[in-house]
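Report on the structure given below.
The values are calculated or read from the model by the stated rules, or taken from the named source; none is laboratory data. Bear in mind the structure is a predicted one, so any value in this text is a computation, not a measurement. Calculation scope for accessible area: heavy atoms of the full protein, side chains included, ligands and nucleic acids excluded. Shrake-Rupley method; radii C 1.70, N 1.55, O 1.52, S 1.80 Å.
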Amino acid sequence: EVPAIIWASYYGLTDIIHLLLSEYGAELDEVELATGQTALMWAVSQGHTQTAIELLELGANHDIRTDKGVNLIELAIQKKNATFVSYLLEHKEFGFVTDNKLLEQAINTGCAHTVKVVLDVILTAEKT
């Protein structure tokens, strides 16, 4: 059975996520057993960037990996969610490091926008 918070995140229903957390005791980092993904990961997977950001602001764990070992930024890259990749890289408190592995993953998606985001962060870091 899929937890309600997972469905709400899948569809980007932030108001329902708040309702589930505040009134029904939903667990923010509950893992869907079939995929090993949390509500945060589903929001990222479905391109609901604002929902994903709000989940992080609510305290969702950004260090969780799927059952296949994929972390949050790798998932965002795989899903070509350049806006969320940029958000994660701009917020150093999440601890994601821009390196050649991340750049290679971005290139492998074929998404020029995601590649640009990663390259811009690398070039900015090199200048400082």
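For Gly12, the amide hydrogen comes within under 5 Å of no other amide hydrogen, counting only partners 5 or more places away or on other chains and with H modelled in the peptide plane.
Near the amide H of Gly36, within less than 5 Å, lie the amide hydrogens of Asp67, all on another chain or at least 5 residues away, with H placed in the peptide plane. Overall, the accessible surface of the chain at a probe of 1.4 angstrom is composed of carbon and sulfur to the extent of 52 percent. Counting only protein heavy atoms and a 1.4 Å probe, the chain has 56 square angstrom of accessible area per residue. Couplings 3J(HN,Hα) of segment 61-68, computed from phi: 6, 8, 8, 5, 10, 5, 5, 9 Hz, in residue order, whole Hz [Karplus 6.51 cos²θ - 1.76 cosθ + 1.60, θ = phi - 60°; x for Gly and Pro]. Phi-derived couplings, Karplus 6.51 cos²θ - 1.76 cosθ + 1.60 at θ = phi - 60°, listed residue by residue for segment 28-33: 4, 10, 4, 9, 6, 5 Hz, with x used for Gly and Pro. What shape does the chain take by its C-alpha gyration tensor, where a ≥ b ≥ c are the square roots of the eigenvalues and a/c under 1.5 counts as rounded, a/b above b/c as prolate, and the rest as oblate? Here the chain falls in the prolate category. Heavy-atom accessible area for Glu27, with the other protein chains in place and a 1.4 Å probe, reaches approximately 120 Å². Under a 5 Å amide H cut-off, with hydrogens placed 1.01 Å from N, Glu30 pairs with Ala39 among residues at least 5 apart or on other chains.
Given the options Ala34, Ala52, Ala26, which has the most mean-square fluctuation in a GNM of the chain, springs set between C-alpha atoms less than 10 angstrom apart? Among Ala34, Ala52, Ala26, the largest mean-square fluctuation in the Gaussian network model of the chain belongs to Ala34.
Based on DSSP H segments of at least four residues, each scored -39500 (n - 2.57), the chain has a per-residue ellipticity at 222 nm of -17000 deg cm²/dmol. Using just the C-alpha positions of segment 63-108 as equal point scatterers, what log10 of I(q)/I(0) does the Debye formula give at each q in 0.33 1/Å? Those come out to -1.38, one per q.
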